[in-house]
Amino acid sequence: MSNFFDASAECDAQGYPRANRSPAGLAESGKGLTNGHELDCTERFLAAGTMGMLFTMAAKDRDSLSSLGDAENPRNEAPNPVWFKPIMFGFMLVGLVWIITYYVSAAAFPIPGIGASNILIGFGLMFVGFLMTTRWR
């Protein structure tokens, strides 16, 4: 099987079919799409043009995506304040310490009167920290 885009002897220099080829001649010579794999030069030319058009369209789409406006591009936003990251990690760590303290102290600490609700408080603190990660730039 020949290369898909390879020009054959039946094609001229630009890949167009030579004028002396006829459909009857193709059928007799066994050239063309008789085996389902070989393409004549017209079909190769059209396929190459289609591939080139697809690559051109992909490049235009890529260029249009890279030229989004400043309002749509979140990378142009101002960075977070200095206090944001310590507070974010602080919430997560305080929530973890709250839950660990509850389990290690056998429900005597951090707040003994609310019992298992201490777990909800710990997870709530961690959840606030994780929500802050969505706004971290």
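Table: residues versus (1) surrounded by 15 or more Cβ atoms within 10 Å (Cβ to Cβ); (2) of a type in the set (D, E); (3) in contact with a Cys (Cβ under 9 Å, 6 or more places away or on another chain); (4) without any contact (Cβ under 8 Å) to a residue 40 or more places away in the chain.
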| residue | (1), (2), (3), (4) |
| --- | --- |
| F84 | no, no, no, no |
| I87 | no, no, no, no |
| I111 | no, no, no, yes |
| I114 | no, no, no, yes |
| M126 | yes, no, no, yes |
Step by step: first the residues of the stretch 91-109, then only those that are exposed (fewer than 12 other Cβ atoms within 10 Å of the Cβ) and assigned to a loop (DSSP other than H, G, I, E, B), then the one that is farthest from the chain's Cα centre (by Cα). Which residue is that? A108
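A short reminder: the numbers here are calculations on the coordinates, not readings from a lab. Computed from a predicted structure; not experimentally measured. Quick reminder, even Gly has a Cβ in these numbers, built from the backbone with ideal geometry, and neighbours come from all protein chains shown.
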